[in-house]
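Novice: Below is one structure. I have some questions about it.
The values are calculated or read from the model by the stated rules, or taken from the named source; none is laboratory data. Given the structure is predicted, the values throughout are model-derived calculations rather than measurements. Ideal geometry is used to build each Cβ from the backbone, glycine not excepted, and the neighbour counts take in all protein chains shown. For accessibility, only protein heavy atoms count, side chains too; no ligands or nucleic acids. Shrake-Rupley method; radii C 1.70, N 1.55, O 1.52, S 1.80 Å.
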Amino acid sequence: MARKVLTVDDSKTMRDMVRFTLSGAGFDVVEAEDGVQALSVLGSTKVDLIITDINMPNMDGVTLVKEVRGGSSHRGVPILVLTTEGGDAKKADGKAAGATGWIVKPFTPDKLVQVVNKVCP
Amino acid sequence: MNDHVESPEQEEISGEPSSVQNGNFHQFISFKVGNEEFAIDIMAVREIKGWTETAPLPNQPDYNLGVLNLRGTIVPTFDLGCRFGMGSTKTTPYHVVIIATVQERTIGLLVDAVSDILTVSDDQIRPVPDMERMTAAEFLSGIITVEESMVVLLSLEKLFNRGDVTSATQIAA
Amino acid sequence: MTGSSFNADDLAQFKQTFFDECAELLADLEERLSSLQEEAADSEALNAIFRAVHSIKAGAGAFGFSQLVQFAHRYEALLDRMRDGLVEQNERVADVLVRAGDILASFVEAAQSEQELGEDFGSEVGDEIDLLLAEIDGLESVLTSEEEQSDENSDSEGVQEDQNKSSCTYLIEFVPKAELLRHANEPLLLIRELQTLGDLQTECSLERLPTLGAMEPEDAYLSWMLTLKTDKSEEDIREVFEFVEDDCELKVSAIAAKDSGDGSLSFQIIEEVTEESEEDQATGTLKSEKPGAQSKAAETSVPETNPSDAPKKANVAAPKAKTASTPAQSSGVSSIRVDLDRVDRLVNVVGELVIAQSMQAQEAEDRQNGHEFLMNQANEDMSRIVRELQECVMAIRMQPVKSVFSRMPRLVREVSSKLNKQVRLLTEGEQTEVDKTVIEELADPLTHMIRNAIDHGIESPEEREAAGKKGTGAIKLLARHAGGNIIIQVIDNGSGINKEALLKKAISKGIVSEDAKLTDEEIEELIFAPGFSTAQAVTDVSGRGVGMDVVRRNINKLGGRISVQSVEGKGTCFTLTIPLSLAVLDGMLVAIGAEKYILPLASIVESFRPLEEQLRALAGGGEVVSMRGEYIRLIRAHHLFNVPGAVTDPCQGLVVVTETANGGKVGLLVDELIGQQQVVIKSIQENFDPVPGVSGATILGNGRVALILDIEQLKSMPVSADNWKSSSSEPLEQQEASPANGEEQRTIAPEAMTDTEGMQVPATV
């Protein structure tokens, strides 16, 4: 069964790119625009990986990570946070909240696939 | 009748034209208006339908019958007989409207009946002789003879060039 | 990692999304920034601004728009400091932020049109941002950011790697902290990844494993000692552990510099390898270690970690991705974002429609069985559902006017600074929704009107102060719903319309005759006359060859009206009334002779059957009908349209009183009203030339076409040239008493000239 990825980003461009790349790599991709939407998706869908932006309206990525780790349905699912170059503080925040790893924006398709495969077998 | 238009080759070409080689063939739809037989380029014809009532447009020349509804598209329709000076056609459900495309516009042409699909080669098309009696001669692009009778080829472009329609509108207004 | 290896088509598709998104983000940014000038931003506003800039930057990075990225980066840095409360919000900061927003928009525009902006474009604002940043955290910030930069360079270029090409053996001690597993990091994956770097021997230590009772199921207890023989650098190895750096203790040390290795050390390790590798252990050499089934799996699922392999991989990935998605659409496609709720509703209704339809089909079959009742029920359901479906679809197309309004602050800033005027823009009702096609058509007229308002309406600060006004002028942009229309007003508190100057100009241009007597409203109407411009000199601001006549024509094209009210010295108000949708119209079906026509319901005031004494023929052929003391011009549509068999005696028919664009009234004589109905507007002009008096057509329930009447045009259609001349040359006796008369008997008819090109309407009498 195809692995299912939830991509959370308020930017449609980013969601599109993630979706495009990962569906090309054989993933099922579901989308959410912010943390709140993401949690509602997770409430009804079982995913194998979460890729989330940090800066989002309603609920930011760090809070989302905390929520997921504190919840029951997806607490063991790998979570990658999207950061920008030099966003070390963000990486650390994400990590401290319980993220599995990060992807630096902008990314190439294979960098994304590589990182995803690194955390999601 | 629609099918007939869309697949003319099987019916026409199989008969005679193999004898003529390398000629440039054209296909025309011929139709009757009054007692005369006209034809237009088949490529311009989109479909043929029975006459339905139109909504008249105000202040248009007599030959403008108004607009009809072609599956949601508003199509201005013209009485060809009237256009050729034969007087307004008294329409019946047996009259036929040829839907044609002229200069990217879709128009309807009211004719008495559609007769045939003609496949003719270039050399079968004769030029129109100078005829002063017909002011409509400028709309004619050629004459072909089919089974001893004369069919006049119409140029829809000339008949419905936008300048003409516009000027007609202006005069009426 | 700016290089992208999406193929061109896909990239173009993403770019389109990106620019669509940029447009939205910039509009939002614009709006938030303009409110920044009014009051300090709260954290929510700052966050939103930051997110907008951040998203633009991130997307731009993906497409390699480096100028845009660089600028956005500085902008973002400033905003980030602001979020952290390190920057005091003052006028200067607000100004920099606003200008930076404009620059950012320019960069996006340039990127979209594939133009290169000058190297130093925006550098002024950029420098100011840098200056602010420097003030905030001293020179340090500049230095650290440079350091970061160079760090990354060394990372990606892998200097050490080059120095150390030959194979080397590393001893890796990997001791996960308890929480590693809870972050969903998986030691097995890391080990597999290491395997791809070279020959790996693993040894698992159970040392830290507690007793079963003490074991926390989600904690990590195992640790590993790994031996890797690889030609990769230590950096590469550490990169494998990149994500778990903080979640583990990691020691990497080179134990053998050359292929041969230190025999004793190697062996020592071999003795400690785990069960899995026992086979290899038996052979006793590191070299022969060929990954078994497990590592084969790893090979297929774990791609190379070496970034230098990226291009090769991409070639493989791209075509694969291509087949998985539909081909890219052409980049010109416009898209709208729609609330999910609306789409859901639409889908549900369509579902119902399908059911009702099948019901109907079923019933048609069973008809012989005498189930008429059910048939009727299905029909009723069907019509209800179809109606709802239509509403849903319309709703999808509805968008707040905000998307147009939000472009205006920037315009106001640009224009006012060019003209050295001070103008504040206020907006109200920007959430008011209207069909997307209408929104698109609104941008030009509004732009023009606002430009006009600043250019001609708002005075210079000196003039204003001299007139006892505040130096800063204000323009208010207002939207609201009224019936099936949206009403948009552009109100300025400038100098108003100088009626004297306007009239003089109209006379000098020959638009009005010198002795014409015009009411104030009529004079104001003159600004909609073609080729009219009251500016003393043509400025590069509003003198772009379009006048208010074009604005009016555009608004009319939308089926709307525009009117103006002005008080000299106080200001001007333009009011636009536009139907909410171009696709449907609330209409009144009327009969004239055998023909049926649609009148826009919104323009109908009332209808009545006049008594004979209410009618009055004017000398020269004009006719009026009086209604409660008001004289209303009577228009005989059957006459104008030459419809045979129509009711010609108004006392036998009905007079439908309709309101015209400028608030006047005309009465249209019809045979009867048939009923009110919503109609779908069809264009006649798609296949024919414009027909005077007719704005479009629709298809009635019986499949026949009905024309939609255009009151504005009907009003100005002469019955005959003679009538027109004589009726207007002899002033009506009640002219003074009745303001409506002035309207109807106007000697100038600007709309006549704009609406009906090609028609000979006397301009002056």
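Novice: Would you calculate the separation in nanometres between label points at C:Leu212 and C:Ala594, each defined as 7 Å from the Cα along the Cα-to-beta-carbon direction?
Specialist: 9.9
Novice: So, one more: Please compute the length gained on full extension between C:Ser460 and C:Asn348, using 0.36 nm multiplied by the number of residues separating them and subtracting their Cα-Cα distance. Can you show the working numbers first?
Specialist: On the way: separation 112, 0.36 × 112 = 40.32 nm, distance 5.70 nm.
That pair, C:Ser460 and C:Asn348, stretches by 34.6 nm at full extension.
Novice: Turning to a different aspect of this structure: To the nearest 100 Å², how much accessible surface do chains C and A cover up together, summed over both, with a 1.4 Å probe?
Specialist: So the total buried area for this chain pair works out to about 4200 Å².
Novice: Run the quick spin-label model on C:Arg387 and C:Thr575: label points 7 Å from Cα toward the beta carbon, then report their separation in nm to one decimal.
Specialist: Taking the two extended label points, one gets 3.1 nm.
Novice: Near C:Gly569, within a Cβ-to-Cβ distance under 15 Å, what is the net charge of the other residues, with Lys and Arg +1 and Asp and Glu -1?
Specialist: In short, -3.
Novice: Turning to a different aspect of this structure: What residues qualify as long-range amide H neighbours of C:Met627, i.e. H under 5 Å apart, gap of 5 or more or another chain, H built at 1.01 Å from N?
Specialist: C:Ile632
Novice: Taking amide H atoms as placed 1.01 Å from N in the peptide plane, list the residues 5 or more away in sequence, or in a different chain, whose amide H sits under 5 Å from that of C:Ile255.
Specialist: C:Thr169, C:Tyr170, C:Leu171
Novice: Amide H of A:Leu49: which non-local residues (sequence gap of 5 or more, or other chain) have their own amide H closer than 5 Å, using H built in the peptide plane?
Specialist: Here A:Lys4, A:Leu6 satisfy the definition.
Novice: Return the residues of the stretch A:92-121 for which accessible area with all protein chains present is lower than in the chain on its own by 50 Å² or more; set the probe to 1.4 Å and exclude ligands, DNA and RNA.
Specialist: SASA drop of 50 Å² or more in the stretch A:92-121: A:Lys95, A:Thr100, A:Trp102, A:Pro106, A:Thr108, A:Pro109, A:Asp110, A:Gln114, A:Asn117, A:Lys118.
Novice: Still on this structure: Compute the FRET efficiency between C:Leu615 and C:Gln431 as 1/(1 + (r/R0)^6), taking r as their Cβ-Cβ distance and R0 = 41 Å, and round to the nearest 0.05. Write out the running numbers ahead of the final one.
Specialist: Details: r = 48 Å, r/R0 = 1.16.
Calculated value: 0.30.
Novice: Provide a list, ordered by number, of residues in the stretch C:174-201 showing at least 40 Å² less accessible area with every protein chain present than when their chain is taken on its own, using a 1.4 Å probe.
Specialist: SASA drop of 40 Å² or more in the stretch C:174-201: C:His183, C:Ala184, C:Leu189.
Novice: Starting from a Cα-only point model with no solvent, please compute log10 I(q)/I(0) by Debye for the stretch C:170-264 at q = 0.12, 0.20 1/Å.
Specialist: -0.39, -0.96
Novice: Then there's this: With a Förster radius of 60 Å, plug the Cβ-Cβ distance of C:Ser205 and A:Asn58 into 1/(1 + (r/R0)^6) and report the FRET value to the nearest 0.05. Mind dumping the intermediate values first?
Specialist: Numbers: r = 45 Å, r/R0 = 0.75.
It comes to 0.85.
Novice: Label A:Ser72 and B:Asn35 with points 7 Å out from Cα along Cα→Cβ: what is the distance between them in nm?
Specialist: The modelled label-to-label distance comes out at 9.6 nm.
Novice: Same structure again: Quick check: Cα centre of the stretch A:69-84 to Cα centre of the stretch B:84-109, how many Å?
Specialist: Cα centroid of the stretch A:69-84 versus Cα centroid of the stretch B:84-109: 70 Å apart.
Novice: Across the stretch C:10-19, in residue order, what do the Karplus-derived ³J(HN,Hα) couplings come to in whole Hz, using 6.51 cos²θ - 1.76 cosθ + 1.60 with θ = phi - 60° and x for Gly and Pro?
Specialist: Rounded to whole hertz, the list is 5, 4, 4, 5, 5, 4, 4, 4, 4, 6.
Novice: Hey, what do the phi angles of the stretch A:43-56 turn into as Karplus ³J(HN,Hα) couplings, whole Hz, using 6.51/-1.76/1.60 and θ = phi - 60°, x for Gly and Pro?
Specialist: Using θ = phi - 60°, the values come out as x, 10, 10, 8, 10, 9, 7, 10, 10, 10, 6, 8, 8, 9 Hz.
Novice: Right, something else. Out of the DSSP beta bridges found with both residues in the stretch C:401-579, what percent are antiparallel (nearest 5)? Don't skip to the answer; put the middle values down first.
Specialist: Details: 23 of 29 bridges.
Beta bridges within the stretch C:401-579, antiparallel portion: roughly 80 percent.
Novice: Report the calculated FRET efficiency for C:Gln677 and A:Ala89 (r = Cβ-Cβ distance, R0 = 60 Å), to the nearest 0.05.
Specialist: Working: r = 63 Å, r/R0 = 1.04.
Once the sixth-power term is evaluated, E becomes 0.45.
Novice: Continuing with this model, one more query. Based only on Cα atoms, what mean projected area does the convex hull of the stretch A:4-119 have, in nm²?
Specialist: On the way: hull surface 24.1 nm².
The number I arrive at for the stretch A:4-119 is 6.0 nm².
Novice: Here's a follow-up. Excluding ligands, DNA and RNA, what is the accessible area buried between chains C and B, summed over both sides, using a 1.4 Å probe, to the nearest 100 Å²?
Specialist: Values: alone 40640 and 9890 Å², together 48530 Å².
Roughly 2000 Å².
Novice: For C:Glu245 and C:Asp339, calculate 0.36 nm times their separation in residues minus their Cα-Cα distance, and state this gained length in nm to one decimal. Don't skip to the end; give the middle numbers.
Specialist: Working: separation 94, 0.36 × 94 = 33.84 nm, distance 4.20 nm.
My answer for the length gained is 29.6 nm.
Novice: From the P(r) of the stretch C:401-579, can you give the percent of Cα pairs sitting at distances over 29 Å?
Specialist: Working: 2895 of 15931 pairs.
For the stretch C:401-579, the share of Cα pairs beyond 29 Å comes to 18 percent.
Novice: Here's a follow-up. Convex hull volume of the Cα atoms in the stretch C:586-634, per residue, in Å³? Working shown, then result.
Specialist: Details: hull volume 5.3 nm³, N = 49.
Enclosed volume per residue, from the Cα hull, is 109 Å³.
Novice: Okay, moving on. So what are the ³J(HN,Hα) numbers for the stretch C:573-587, from phi and the Karplus equation (6.51, -1.76, 1.60; θ = phi - 60°), rounded to whole Hz, Gly and Pro as x?
Specialist: 10, 9, 10, 9, 10, 10, x, 5, 9, 8, 8, 10, 9, 7, x
Novice: Only Cα pairs under 8 Å and at least 6 apart count here; give the relative contact order of the stretch C:584-732 as a rounded whole percent.
Specialist: Values: 304 pairs, mean separation 42.9, N = 149.
In percent, rounded to a whole number, it is 29.
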